[in-house]
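The block underneath contains the structure these notes are about, expressed in structure tokens.
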Amino acid sequence: MFDFSIAPDVQALLGRVRQFVDEVVIPAEAHAHDDPLEGLPPSVLADLRAEAKRRGLYAPTMPVALGGLGLSITQFTPVLEVAGRSLIGPMALGCAAPDEGNMHLLHLYATPEQRARYLEPLVRGDIFSAFGMTEPAPGAGSDPSMLRTSARRDGDEWVIDGHKWWTTNAGVASVLIIMARTEGEGGGATLFLAPMDSAGIEIVRRVPHMGEPDFGGHAEIRLNGLRLRDSDVLGQVGQGFALVQARLGPARLTHCMRWTGIAQRGLEIAAEYVSQREAFGTTLGGHQAVQWMLADSASELHAGRLMIQHCAWLLEQGEQARQETSMCKVHVSETVCRVLDRAIQMCGGMGISRDLPLSRWYEAARAFRIYDGASEVHRMVIARQVLKQYGVPRKPR
Ligand SMILES: Cc1cc2nc3c(=O)[nH]c(=O)nc-3n(C[C@H](O)[C@H](O)[C@H](O)COP(=O)(O)OP(=O)(O)OC[C@H]3O[C@@H](n4cnc5c(N)ncnc54)[C@H](O)[C@@H]3O)c2cc1C
């Protein structure tokens, strides 16, 4: 009944992805901070993608008909973990957020015209995309029902006004997926597709943030009378919240896969350090307190992998798995931060230094406990379900 084995063809692919990450991607990390704006210079990314394509490894989450590898979710789970062993691995392999989640959404709902215009070049890696849901207070953040960006009809056009921020990739994207309120226009909320260079989209700034610059940045955006047509609606008018759920469930899981890769590499770096460095007459790894850190990290990562695999399997059965993906997101995001924190601790001053990549990864990983739903929000979702299932009112004594 339970079979955790990996099919031989996927195992072979996994070996080739691992080889690409080790031989090509990790050496390119030396350039990951060369560009003051993007971190990784776009030309280096283009070379990495060309090599991934040459090796037949590009776009593992997309169907063959679109130029992807045609893997199911359970099949690409270990592939995304290996891609995630480097922060630039997923970009090199065409499976990085937010493009990967946007490709999934477009694949499910785009019209033939939208597919040709946006999805196909996105899967080829010719363009980037961005997803604008979050707004500064008092707009939508943890609570999407607080959405304030509005779309109103004017003749045969839609006019969109609003304020977004934390729109990842906006600095390089060609297309922006916008979530806007369409109450009174046929539905609660609707997703729109807009060319990023449209009159009416103003990139106010890249939001300065903790850690190193991220490729594409995270922008604050104003939508000032942006004019779109019915053909720019993604899915149906009023379907916005359902489409966001369809995107976010798998997207949370793929984040968990990728971040497990970097945490695993952090654990390996720490294990190497403590097996060589000596203190108090033995290697650091000979001290029980250090062994416990190694054991806890390995065990928590293992539990996370099992949760990811189970969620992937549920999604493959057509389930929404909302509670399970919430549990998985909380566990993995908190595990990744703990594993990297312990790795830094075990490596001492070396861990804090930029001579090792751990401190950069630690800074980058912190946001994972906030985006795609903060831990507290996911715990709320889980607890609501527990209460619904088991919270029977007590009988009077
Ligand atoms: C690096 C990064 C990239 C991002 N990329 C994108 C993107 O591409 N597109 C996009 O639309 N958004 C993006 N976001 C935004 C992200 O999804 C939001 O930051 C997140 O949903 C939280 O919303 P908020 O920041 O408004 O926090 P708020 O809603 O202000 O919440 C702040 C804190 O309050 C607590 N809290 C909230 N609700 C509850 C509750 N019910 N119970 C207990 N505590 C609670 C949590 O601790 C939470 O962190 C990104 C964010 C980051 C940091």
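The values are calculated or read from the model by the stated rules, or taken from the named source; none is laboratory data. Just so it is clear, the model here is predicted, and its values are computed rather than measured. Here the Cβ positions follow ideal geometry from the backbone for every residue, glycine too, while neighbour counts run over all protein chains shown.
Results, tabulated for the structure shown:
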| item | result |
| --- | --- |
| Scope the stretch 96-126; condition part of a loop (DSSP other than H, G, I, E, B), buried (at least 19 other Cβ atoms within 10 Å of the Cβ) and more than 16 Å from the ligand (Cβ to nearest atom); matching residues | ALA110, GLY125 |
| Test result for VAL377, assigned by TED's automatic domain parsing to the domain that holds VAL332 and away from the ligand (no atom under 14 Å from the Cβ) | no |
| Condition broken by SER297, with the remaining ones in (1) surrounded by 23 or more Cβ atoms within 10 Å (Cβ to Cβ); (2) of a type outside the set (Lys, Arg); (3) in contact (Cβ under 8 Å) with a residue 60 or more places away in the chain satisfied | (3) |
| Number of positions in the stretch 342-378 that are closer than 18 Å to MET133 by Cα and of a type outside the set (Ser, Thr, Tyr) | 9 |
| Residue satisfying condition, being small (Gly, Ala, Ser), within 11 Å of the ligand (Cβ to nearest atom), part of a loop (DSSP other than H, G, I, E, B) and within 21 Å of LEU119 (Cβ to Cβ), within set GLY211, GLY141, GLY216 | GLY216 |
| Filter pass, ARG354 being part of a helix (DSSP H, G or I) and more than 24 Å from TRP166 (Cα to Cα) | no |
| Residue check for ARG360: away from the ligand (no atom under 12 Å from the Cβ), more than 30 Å from ILE269 (Cα to Cα) and of a type in the set (Lys, Arg) | no |
